[in-house]
1. Looking only at residues that are open to solvent by 10 Å² or more (accessible area, probe 1.4 Å) and in contact with a Leu (Cβ under 9 Å, 6 or more places away or on another chain) in the stretch 90-108, which one is farthest from residue 71 (Cα to Cα)?
2. Can you tell me how many residues in the stretch 1-42 are assigned to a helix (DSSP H, G or I) and of a type outside the set (A, V, I, L, M)?
3. Would you be able to tell me the number of residues in the stretch 57-85 that are open to solvent by less than 20 Å² (accessible area, probe 1.4 Å) and either on the phi > 0 side of the Ramachandran plot or of a type in the set (A, V, I, L, M) (or both)?
4. Which of the residues belonging to the stretch 27-38 are closer than 19 Å to residue 58 by Cβ and either surrounded by fewer than 21 Cβ atoms within 10 Å (Cβ to Cβ) or without any contact (Cβ under 8 Å) to a residue 60 or more places away in the chain (or both)?
Amino acid sequence: MRSAVEIGYELLQQGRYADALPFLQRAVAEQPREGRVHLYLALAYAHQGDNTHAEKHFAQAIALNPHDGYVFYNWGAYLHRQNRLAEALKAYETAYRLDPTLVGAKQAADALRMGAPMYTPTPTATPPPVQPTDLYTPAADRYRSARGCVTAGVLLAVFGLCVPPVGLIGGLICGGVALLRGSVAG
């Protein structure tokens, strides 16, 4: 059985924003401390033209994930579409500083600095659709082996298993390193 956030995210990627809203609203009710869920709901509201709710959920996403470059990138794109260019520039710069792989954020910031807006705001224009790269998986999810590293670290530390000449102290050090890597990755 798929969760509300999975269904809402899929509908969001398909550009079916009105259909995504009830699923994402339920997902926020179920997971109010999950920043990405607030981000997805903010994007759905923004594409529906409900700026009040969109900004509320963007603020929640930023508060819950202050080190997530993708949240700031999407916030910048939203501000850019609203013609709030100084705020958009700041959000893009923050996004790129937090995650240098967000080349789109750097390009958008550079374009704003040169005075060439990427989005031409007109009253009848609809915002561009959400791109799958805008909704990238959080960095921690890329480390699916974190649980294995923590388990390996515990076993190495408890049993003192490491390279035989290193012995118990080396096993404890190896275990500590594996624990640290697992906790950082997870």
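The values are calculated or read from the model by the stated rules, or taken from the named source; none is laboratory data. From a predicted model like this one, the values you see are computed outputs, not experimental measurements. For neighbour counting, all protein chains shown are included, and Cβ atoms are generated from backbone atoms with ideal geometry for every residue, glycine included. To get the accessible areas, we keep the full protein, side chains included, count just its heavy atoms, and leave off ligands, DNA and RNA. Shrake-Rupley method; radii C 1.70, N 1.55, O 1.52, S 1.80 Å.
1. Among them, the one singled out is 90.
2. Narrowing the stretch 1-42 to residues assigned to a helix (DSSP H, G or I): 4-13, 17-30, 35-42.
Okay, now just the ones that are also of a type outside the set (A, V, I, L, M), so 6, 8-10, 13, 17, 19, 22-23, 25-26, 30, 35-36, 38, 40.
Count: 16.
3. Total satisfying the criteria: 4.
4. 27, 28, 29, 31, 32, 33, 34, 35, 37, 38
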